Amino acid sequence: MLTEVVKIEEKNIDEKAGEELRKAGEIIKEGGLVAFPTETVYGLGGDALNPDSSKKIYAAKGRPSDNPLIVHVYRFEDVEKIVEDVPEAARKLAKAFWPGPLTMIMNKNDKVPYETTGGLDTVAIRMPNNEIALKLIEQSGGYIAAPSANTSGRPSPTLARYCIEDLTGKIEMIIDGGQVGIGLESTIVDLTSEVPMILRPGYITADMLKDVLGEISIDRTIIDSSSTQRPKAPGMKYRHYAPKGQLTIVQGSQDKVVEYINTMTKKAVLDGKRVGVIGTDSTRNLYDAEVVKSVGSRDDEKTIAHELFKVLREFDDENIDVMFSESFDENGIGQAIMNRLLKAAGHNVVTL
Ligand code: TXA
Ligand code: MG
């Protein structure tokens, strides 16, 4: 299949871009697939109400079909048409955070095929905060099912380049809207349990949700790495975000972490390995490895969220065999950062 790549600037959707988006919408309405930017990561979109489209999404990603997809809408009133009833909490959260990086799980109605929800009676819904995405959803009939636009298991794409790498030849179109703003996938909150529960941490933190709802719980399996229970979001059980090389997270005081990583680097180099290190702006110059990348500043964790997946992909681009990463505080968005980093490392952590 020929994959067309079109460039659209989010801040300048002119007539030509509008025409491209209409065309992209037609592709989705006819059962095809289009990768597109959102504010979190790039999505791989198909018609959420068409079971064949969802099947195609699983095939293009190489994703197990018991892992449900998120349905993207462009206006709140469309939620009512695909769920049994809209919980009060959903109205409050939408008012506070939509369009934005929050996905809400509700009981689905018959309009949503089981192919889209991986066989579940619930559906995950979000309204992304990106003009390209919103216009595309509108042009596509109102409901786009979209997982992150990567081959299953690889780090989510924050640049169109990585969608092109993973999906060329497998889908009809890729919309290049530049680097995404946030860089980590949306927070997922389940509204079908008595107390709303966070199933995947993200940019919208537990405290922010608590401010709106008063009460919030969190699926323990996603923060307790020794838990043997199944996470409630089926996708969280899979190995994920993984770079090709072996990644180890190193925890401890800065001096000890730097010393340990430099010692391990020397050993790995003697074994003929290429080594990469994930540091921060203030530590990057302390490492001896051939490739050292900063994910940003500890004083501004948003920069770390923004860069993390990109850096993991760059290590793959440079054929790095062994990687070490500093560890990050789990406050606020740090919880989402460490959740993704731990998965990328297969929970391989050294504590000094
Ligand atoms: O930011 C995002 O959410 C991005 C962009 C493209 O919107 N999408 C995304 O989709 O991250 P994906 O498919 O990579 O991750 C969806 C997660 C999976 O872990 C899946 O198991 C969970 O959402 N999920 C979807 N529907 C669910 C449901 N009904 N119940 C529980 N978990 C669900
Ligand atoms: Mg994903």
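Here, each number is a calculation from the coordinates, and none is a lab measurement. Note that the structure is predicted; figures quoted are calculated from it, not measured. All Cβ positions, even for glycine, are placed from backbone atoms using ideal geometry, and neighbour counts span all protein chains on display.
Helical runs (DSSP H, four residues minimum) scored at -39500 (n - 2.57) apiece and divided by the length of the chain put the mean residue ellipticity at 222 nm at -9500 deg cm²/dmol.
Spacing of the modelled spin labels on residue 192 and residue 347, each 7 Å from Cα toward Cβ, amounts to 2.5 nm.
When the Cα gyration tensor is reduced to axis lengths a ≥ b ≥ c, the ratio a/c is 1.5 or higher for the range 19-63, and with a/b not above b/c it is classed as oblate.
Helices of the chain meeting both criteria, an alpha-carbon length of 18 angstrom or more along the long axis and an average Kyte-Doolittle score not below -1.0, with helices taken as full DSSP H segments, are 15-29, 254-270, 301-317. Need the full-extension length gain, residue 281 to residue 12, defined as separation in residues times 0.36 nm minus the C-alpha distance. One decimal, nm. Between residue 281 and residue 12, full extension yields an extra 93.6 nm.
For the chain, which span is the longest to avoid every loop-located (per DSSP) member of GluC sites (Glu not before Pro) having at most 15 other Cβ atoms inside 10 Å? Looking at the chain, 85-193 is the longest stretch - no exposed GluC sites (Glu not before Pro) with at most 15 other Cβ atoms within 10 Å. Can you compute the modelled spin-label distance between residue 321 and residue 55, with each label point 7 Å from Cα toward Cβ, in nm? In this crude spin-label approximation the distance works out to 4.4 nm. Mind scanning 55/170; 56/232; 244/293; 244/273; 135/210; 81/210 and naming the pairs with a C-alpha gap bigger than 20 Å? Going by Cα-Cα distance, 56/232; 135/210; 81/210 fall outside the 20 Å limit.
Largest mean-square fluctuation among 159, 286, 184, in a Gaussian network model of the chain whose springs join Cα atoms under 10 Å apart, belongs to 286. Would you work out if the range 1-99 is rounded, prolate or oblate? Take a ≥ b ≥ c from the square roots of the eigenvalues of the alpha-carbon gyration tensor; rounded if a/c is under 1.5, else prolate when a/b is larger than b/c, oblate otherwise. Cα axes put the range 1-99 in the oblate bin. The string of couplings for the range 179-187 from the Karplus curve (6.51, -1.76, 1.60, θ = phi - 60°) is 6, 6, x, 8, x, 10, 5, 4, 5 Hz, one whole number per residue in order, with x for Gly and Pro.
By the gyration tensor of its Cα atoms, with a ≥ b ≥ c the square roots of the eigenvalues, what is the shape of the range 232-321: rounded for a/c under 1.5, prolate for a/b over b/c, or oblate? Oblate, since a/c reaches 1.5 and b/c is not below a/b.
Once both labels are positioned 7 Å from their Cα atoms along Cα-to-Cβ, the gap between residue 92 and residue 246 label points is 4.8 nm.
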